[in-house]
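The structure appears right after this line, and notes come after that.
We did not get these values from a lab; they are worked out from the coordinates using the rules stated. What you see is a predicted model; the values in this text were computed from it and never measured. All Cβ positions, glycine included, derive from the backbone under ideal geometry; neighbour counts span all protein chains shown.
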Amino acid sequence: MILLDRVTKIYNKNLGPALDRVSLHVEPKEFVVIIGQSGSGKTTLLKLLTREERPTSGKIIVGGIDYDKLRDRDIPLLRRKVGTVFQDFKLLPNRTVFENVAFALEIVGVGGREIKNTVPKVLDIVNLKSQADHMPQELSGGERQRVAIARAIVRQPKILIADEPTGNLDPKHAWDVIRVLEKINHYGTTVLLTTHNQEIVNKLKRRVVTIEHGHVGSDRASAQYDVKN
């Protein structure tokens, strides 16, 4: 569950708030698409959810964690509950597909036996089991994005934030990524997807939240949207 209650974020008082008293509630296992023009506040919203930024005012609760009570030493626990995927993949170029995904487990102290058991299952979810020994440069853009998704979900987060994951992909590979996100959601993970791709928004037929000038402009079930950059 994600709850924002009258959340405001101000970076510079002279420029006004990046987010202004935003309230939003996302149920467990929901798939929500977040849209808005560049500079509307989408990125700030995501940074608040991952605790890269702190709100100026208001309350945030994610996965049962009250951010008002969240200590810095507990942020790694939060990030195990919240997986993130970005437009630019952020893969380790000198590690194989298997090793890139395994790295997310290694850094939290998971043992080798569990890694060998877990990683192939996750690669199977993203349809990359046969490419486990490939290097990132041997993969298409869509395949690299699916490796990034596998790395984000290997610790079984309750929530997956996908920030423009199809922005650099052609239509076919973009839809490969979207289908993987839908599969992950089907397994019970809450998914927040930001995108500028109008076709994806309209064909997904999911709840769409529009951010406009730091406010929630609309919050509606499946509908046709005109997405602008």
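Brief remarks on what is shown
- Three-way shape call for the range 68-203 based on the alpha-carbon gyration tensor, with the a/c threshold at 1.5: oblate
- Taking θ as phi - 60° and the Karplus parameters 6.51, -1.76 and 1.60, the scalar couplings of the range 70-79 work out to 7, 8, 4, 5, 9, 4, x, 5, 4, 6 Hz in sequence order, x denoting glycine and proline.
- Rounded, prolate or oblate (a/c below 1.5 giving rounded, otherwise prolate when a/b exceeds b/c) for the range 133-200 by Cα gyration tensor: oblate
- For the range 48-99: rounded, prolate or oblate by the Cα gyration tensor [a/c cutoff 1.5]: prolate
- Taking other C-beta atoms within 10 Å as the exposure proxy, LYS158, LYS183, LYS13 rank LYS13, LYS183, LYS158 from fewest upward.
- Separation in nanometres of the label points that stand 7 Å from Cα toward Cβ, at SER23 and ARG220: 2.1 nm
- The ASP5 and TYR187 beta-carbon pair, evaluated with R₀ = 22 Å, returns a calculated FRET efficiency of approximately 0.15.
- Listed by chain and number, the lysines whose C-alpha is less than 27 Å from the C-alpha of LYS129, apart from same-chain residues fewer than 8 away, are LYS29, LYS81, LYS90, LYS116, LYS121, LYS158, LYS172, LYS183.
- Helix-only mean residue ellipticity at 222 nm for the chain, each DSSP H run of n ≥ 4 adding -39500 (n - 2.57), per residue, nearest 500: -10000 deg cm²/dmol
- If you plug the beta carbon distance of PHE86 and ARG113 into 1/(1 + (r/R0)^6) with R0 = 22 Å, you get a FRET efficiency near 0.15.
- Separation of the range 42-92 from the range 117-145 is 26 Å, based on Cα centroids.
- Rg/Rh for the range 1-91 stands at 0.95; both radii use Cα atoms, and Rh follows the Kirkwood definition.
- For the range 70-104, trypsin sites (Lys or Arg not before Pro) are listed when DSSP marks them as loop and at most 11 other Cβ atoms sit within 10 Å of their Cβ; the list is ARG71.
- Applying the Karplus relation 6.51 cos²θ - 1.76 cosθ + 1.60 with θ = phi - 60° to the range 205-211 yields 3J(HN,Hα) values of 6, 10, 4, 10, 10, 9, 9 Hz, where x marks Gly and Pro.
- Per-peptide packing, taken as the mean over residues of other Cβ atoms within 10 Å, places 47-53, 188-194 in the sequence 188-194, 47-53 from highest down.
- Two-decimal ratio, the range 85-156, of alpha-carbon radius of gyration to 2.2 N^0.38 Å: 0.97
- Farthest positive-ward along the range 82-229 dipole, Cα basis, beta-carbon charges - from ASN100, ILE159, PRO171: ILE159
- Projected label distance in nm at GLU212 and MET135, using a 7 Å step from Cα toward the beta-carbon: 4.9 nm
- Semi-axes of the equivalent ellipsoid of the range 70-111 are 22, 14, 8 Å, computed as sqrt(5λ) over the eigenvalues of the C-alpha gyration tensor in descending order.
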